[in-house]
Amino acid sequence: MLSYSEQDIILGCKENKRVFQEALFKQYHSLFLKICARYAIDNEDTEQLLHDGFLKIFTHIEEYKFAGSFEGWMKRIVVNNCLDYVKSKDTRNALNTKYALPVEEVNTSFSASNVLKDIAFKDLLKLIQTLPPTTRMVFNLAVFEGYAHKEIASLLKISEGTSSWHLHEARKTLQKLILKSSKEVNYESK
Amino acid sequence: MSPNEFDRLLREKFDNEMVTFNPDQWKRLASALPKEKNRKLIYIKLGSIAAALVLLGFGFLYFNDSNNSIASVDKIEATPKASIIVSPDLKNDSPIKLNEPTAKTTISTPLKLDNLTSSTSIVKKNSTKSLHQNTISIKSLETQLAIQEPQVTHGFSETSEKFILSKHDDVVNSSNQKIKEQISNSALSKTIQIADKELEIEDVKLLASKRTSINLTGGVNYGSLNLGYMASISAKQNLSDKLFIEGSIGFLQNQEVVSSNMSSSQYSQILNNSNRGRPAKFSESPSGIYFLQLAPMVGYEIFKNLSVGAGADIQRNLEGTIDNRAIVATEYGFKMIPIWDAGVTTKAEIGLNRQLKAGIVYREGLNNLLSGTQNYYNRRYVQVQLKLKLYGK
């Protein structure tokens with residue numbers, strides 16, 4: 001496969017040339033699929049979010065004027081598309097029926113590094129997908145997208161304190177879920 | 001474990017995971033993207049536009065050679081309030097004879113109709129004393145000069161010939177310059193680029209059938225009745241994806257017309273030599289001739305931004321009546337400006353953007369054909385239009 005520079009790809013995409021669009025898709029589809037997966041309910045929605053995100057990138061690429069990081073520009077489009085999805089009423093209803101029930105108190109003084117290494121990516125993704133909608137959005141934006149609480153608060157129309165609380169809750173819940181998941185695996189293996 | 005450590009481990013977990021490329025995902029996305037530009041199709045479209053421009057150029061050339069050209073102000077200055085004394089007895093003493101040196105005055109000095117006397121065969125083509133021979137256009141003068149050049153007795157001195165020819169060259173150069181400017185300045189050249197760009201977005205089916213739009217149109221005529229302006233409002237209804245009907249109602253003004261007014265009966269009397277001994281009086285000449293236009297049309301969209309159409313064109317002269325109508329002096333005699341002017345039009349239109357279109361209309365008058373006479377002035381013209389969409393998709 002021919003390799004193109006980022007500028008070639010951008011210019012090619014601006015001219016609606018398939019070969020460059022495919023090159024861009026191949027280069028970034030893994031990264032964006034993982035972003036979409038963190039917000040989506042299931043695999044089907046993940047693929048739909050990826051599809052819609054790339055479609056928006058290609059149809060708005062004329063607006064990219066080579067100011068700032070191209071990856072960052074694309075990432076914002078994909079994340080905003082995911083946020084719109086999560087904010088939609090239908091998605092919220094679906095998420096509310098799936099998010100994690102209160103986890104019983106467990107000893108979290110475990111070796112997270114070992115547990116996280118052992119846990120499969122798909123299982124970890126499923127655990128994240130069980131977080132309540134707002135908690136999940138705050139967690140994703142803060143941990144993976146690198147947004148500050150001020151930005152998150154503005155984006156989700158919540159206070160910074162609430163954003164901070166959601167992040168704390170997300171970490172606590174995930175750690176418990178990971179540990180629980182790990183124990184269950186260990187128990188089954190015994 | 002600190003929160004930062006936990007976050008870092010999670011990020012690493014995600015970063016290290018590589019999702020394999022799924023070709024089906026790409027196929028699905030590619031099918032949803034706007035279709036890639038087909039080079040061959042674009043060349044065909046550009047070729048069509050180029051061919052249309054060439055045809056337009058030929059149209060202008062043909063038009064300039066038209067028999068309908070009227071005597072312009074540069075060539076003859078007819079006094080608007082002139083009256084013609086028609087006398088059947090003045091066969092030999094008419095002061096206007098092309099075979100005499102006085103013919104020079106028809107070119108170099110204004111023709112004063114007040115002083116003009118002529119035979120009753122005033123509008124007959126072959127009369128050596130007919131008025132229309134004194135109102136011939138520069139083009140026909142040139143032809144006449146070419147034929148009669150060796151005959152000194154015609155009274156056209158070498159100096160006057162040069163004057164006429166150089167004047168003619170000026171007119172031709174000026175006309176060519178105008179055409180060049182029209183082509184270069186017109187939105188057509190820009191339209192080619194815009195159309196090229198917009199044609200790429202073929203998946204966007206904005207042209208759903210059964211849609212209606214209301215448009216405001218402005219245009220400039222270049223035609224047999226000199227320059228004119230047009231403003232109209234039109235409604236367009238799609239019958240299918242490609243086929244549409246359009247109707248417009250508008251207002252036209254023709255400027256700088258060398259004409260005078262008389263009644264239809266006076267015109268008939270002159271034409272039939274039935275007014276012997278009585279003067280045919282011209283009333284005041286209009287400064288412009290105004291028309292109300294109704295133009296239904298059927299059109300077809302060849303490409304997304306290029307459509308052609310043909311239709312009828314009915315125009316009502318707002319100033320003319322049977323008793324007082326505009327008469328134009330042409331090289332083929334006096335012709336009546338129709339009060340009701342029936343015609344046909346063909347039109348090519350190019351979309352500049354979603355709201356604005358540029359069009360070229362060619363109109364041919366049908367009054368002579370319908371009446372079986374040659375008494376009407378054929379208002380044949382090319383019109384360049386800009387159309388703004390006011391309502392509808």
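Yes or no: region A:33-53 includes at least one residue that is within 12 Å of chain B (Cβ to nearest Cβ), over 24 Å from A:Leu124 (Cα atoms) and hydrophobic (A, V, I, L, M, F, W, C).
No - not one qualifying residue is present in region A:33-53.
Kindly evaluate A:Phe66 against the criterion of being away from chain B (no Cβ under 14 Å) and either at pLDDT 70 or above or under 30 Å from A:Asn16 (Cβ atoms) (or both). Steps first, answer last, please.
Numbers: away from chain B (no Cβ under 14 Å): yes; either at pLDDT 70 or above or under 30 Å from A:Asn16 (Cβ atoms) (or both): yes.
Spelling it out, A:Phe66 is indeed away from chain B (no Cβ under 14 Å) and either at pLDDT 70 or above or under 30 Å from A:Asn16 (Cβ atoms) (or both).
Residue by residue, here is whether (1) more than 13 Å from every other protein chain (Cβ to nearest Cβ); (2) at pLDDT below 80; (3) within 21 Å of B:Leu10 (Cα to Cα) holds:
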residue	(1), (2), (3)
A:Asp90	yes, yes, no
A:Asn96	yes, yes, no
A:Pro102	yes, yes, no
A:Asn107	no, yes, yes
A:Phe110	no, yes, yes
A:Phe121	no, no, yes
A:Met137	yes, no, yes
A:Val143	no, no, yes
A:Leu155	yes, no, no
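Could you grab me the full set of residues in region A:52-86 that are in contact (Cβ under 8 Å) with a residue 40 or more places away in the chain, closer than 18 Å to A:Gly146 by Cβ and among the charged types (D, E, K, R)?
A:Glu71, A:Lys75
Which one of these does B:Trp26 not meet: (1) farther than 30 Å from A:Asn43 by Cβ; (2) at pLDDT 85 or above?
The failed condition is (1).
From the set of residues in region A:157-179 that are in a helix (DSSP H, G or I) and of a type in the set (Val, Ile, Thr), which is farthest from the other protein chains (Cβ to nearest Cβ)? Even if it seems obvious, please write down each step before you answer.
Within region A:157-179, the subset in a helix (DSSP H, G or I) is A:160-179.
Adding the requirement that they be of a type in the set (Val, Ile, Thr) leaves A:162, A:173, A:178.
Details: A:Thr162: 17, A:Thr173: 12, A:Ile178: 9 Å.
Out of the qualifying residues, it is A:Thr162.
Any chance region B:38-56 includes a residue that's surrounded by 14 or more Cβ atoms within 10 Å (Cβ to Cβ), under 30 Å from A:Gln21 (Cα atoms), at pLDDT 60 or above and within 14 Å of another protein chain (Cβ to nearest Cβ)?
Taking every residue of region B:38-56 in turn, at least one turns out to be surrounded by 14 or more Cβ atoms within 10 Å (Cβ to Cβ), under 30 Å from A:Gln21 (Cα atoms), at pLDDT 60 or above and within 14 Å of another protein chain (Cβ to nearest Cβ).
Does at least one position in region B:6-15 carry a residue that is within 8 Å of chain A (Cβ to nearest Cβ), exposed (fewer than 14 other Cβ atoms within 10 Å of the Cβ) and either modelled with pLDDT under 85 or at positive phi (or both)?
So far as region B:6-15 goes, no, none of its residues is within 8 Å of chain A (Cβ to nearest Cβ), exposed (fewer than 14 other Cβ atoms within 10 Å of the Cβ) and either modelled with pLDDT under 85 or at positive phi (or both).
The values are calculated or read from the model by the stated rules, or taken from the named source; none is laboratory data. Keep in mind the model is a prediction, meaning the values are calculated, not measured. As a convention, Cβ positions derive from the backbone with ideal geometry for all residues, glycine included, and neighbour counts pool all protein chains shown.
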